[in-house]
1. Considering segment 71-91 alone, what residues qualify as being surrounded by fewer than 20 Cβ atoms within 10 Å (Cβ to Cβ) and among the hydrophobic types (A, V, I, L, M, F, W, C)?
2. What number of residues within segment 15-38 satisfy the criterion of being of a type outside the set (A, V, I, L, M, F, W, C) and under 15 Å from residue 57 (Cβ atoms)?
3. Would you say residue 12 is out of contact with any helix residue (DSSP H, G or I) (no Cβ under 9 Å at 6 or more places or on another chain), among the acidic types (Asp, Glu) and more than 21 Å from residue 117 (Cβ to Cβ)?
4. It is to be established whether one or more residues within segment 146-168 are crowded, with 21+ Cβ neighbours inside 10 Å, over 25 Å from residue 117 (Cβ atoms), among the aromatic types (Phe, Trp, Tyr) and not assigned by TED's automatic domain parsing to the domain that holds residue 94.
5. Starting from segment 32-43, take each residue that is in the same structural domain as residue 60 (by TED's automatic domain parsing) and list its partners that are assigned to a helix (DSSP H, G or I) and polar (S, T, N, Q), counting only C-beta distances under 8 angstrom and pairs at least six apart or across chains.
6. Checking the conditions here, which among 46, 37 is under 30 Å from residue 4 (Cβ atoms), modelled with pLDDT under 95 and not acidic (Asp, Glu)?
7. Among the basic types (Lys, Arg) and surrounded by 13 or more Cβ atoms within 10 Å (Cβ to Cβ), is that true of residue 68?
8. Has segment 69-85 got at least one residue that is more than 19 Å from the chain's Cα centre (by Cα), closer than 26 Å to residue 120 by Cβ and acidic (Asp, Glu)?
Amino acid sequence: KHLYEDALANDDEYKLRALDDLLDKLCELNLREPVCRKLMQLAERRYGSESTSHAFQIATLAELLRAKGSFDEAEPFYKRATEMIEKLVGSEHHNFATLLNNRALNLHSLGSYAAARRLFERSLHIRELLDGVQSKHVAQSLNNLALVLEAIGEFDDAVACYSRAIDIKTEMLGADDPALATSLINLGALLLQQDNTGQAVAAAQHFERALEICERTYGQNHPVTITAKAWHGNCLKKNGNLAGALVIGR
């Protein structure tokens with residue numbers, strides 16, 4: 001407690017950054033917020049209000065607020081950081097694409113789907129330009145874009161994005177990578193909503209594949225494994241395979 005209060009009371013950037021890193025590792029979001037705000041103020045005083053140091057510190061605070069679920073409070077910080085970083089490093093830059101993606105996630109959480117879609121699409125375009133069409137960052141953008149397309153009811157486009165993300169992750173990361181399981185669960189859940197027998201059968205295959213990956217990677221009791229198991233069991237039940245659903249539920 002003494003070290004925490006001492007760091008906040010002074011302008012020692014080294015101590016503040018060390019404390020920020022520690023609190024980040026400990027996931028102490030509430031304790032970390034005053035440290036992030038102090039670092040943001042310090043960057044503005046030392047490097048200028050239009051400096052890259054200040055811009056990235058604003059973005060860090062926005063990320064922290066989003067992690068806390070303070071989406072409304074995070075948005076103006078995201079907006080300011082986005083405008084500054086585009087001006088400072090240019091629009092064709094990995095950091096800018098990442099910031100667009102993260103701001104879009106925040107807007108998605110706020111229910112601002114049209115704005116989120118525009119930013120996801122822009123982030124995807126930049127990542128394809130910088131990394132090519134086959135990269136893990138492109139796959140991330142596709143998965144996130146699919147989330148907002150699903151939210152606004154554009155199911156065919158969402159399925160296409162999820163499917164492309166799965167293909168890229170399989171090729172780039174391997175068939176057993178845990179990142180693949182998330183896209184498989186998302187696609188399976190979307191297909192299951194379609195109230196179509198053929199889609200439900202396809203959904204079961206995606207859930208089964210996701211569950212196999214999760215069990216090998218995380219074990220039986222990990223939250224992602226439990227989620228995959230629940231989806232797979234519900235899907236089997238919907239397909240009339242009650243015995244299979246009971247086995248999955250054990």
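1. Of segment 71-91, the ones surrounded by fewer than 20 Cβ atoms within 10 Å (Cβ to Cβ) are 71-73, 76, 79-80, 83, 86-91.
Within segment 71-91, 71, 88, 89 meet the criteria.
2. 9
3. no
4. no
5. Hits for this filter: 36/57; 36/60; 39/57; 39/60; 40/57; 40/60; 43/53; 43/57.
6. 46 is the lone residue from the list that is under 30 Å from residue 4 (Cβ atoms), modelled with pLDDT under 95 and not acidic (Asp, Glu).
7. Numbers: among the basic types (Lys, Arg): yes; surrounded by 13 or more Cβ atoms within 10 Å (Cβ to Cβ): yes.
So residue 68 fits the description; yes.
8. Yes - at least one qualifying residue is present in segment 69-85.
The values are calculated or read from the model by the stated rules, or taken from the named source; none is laboratory data. Predicted model only: the values in this text are computed from it and were never measured. With ideal geometry, Cβ positions are generated from the backbone for all residues, glycine too; neighbour counts draw on all protein chains shown.
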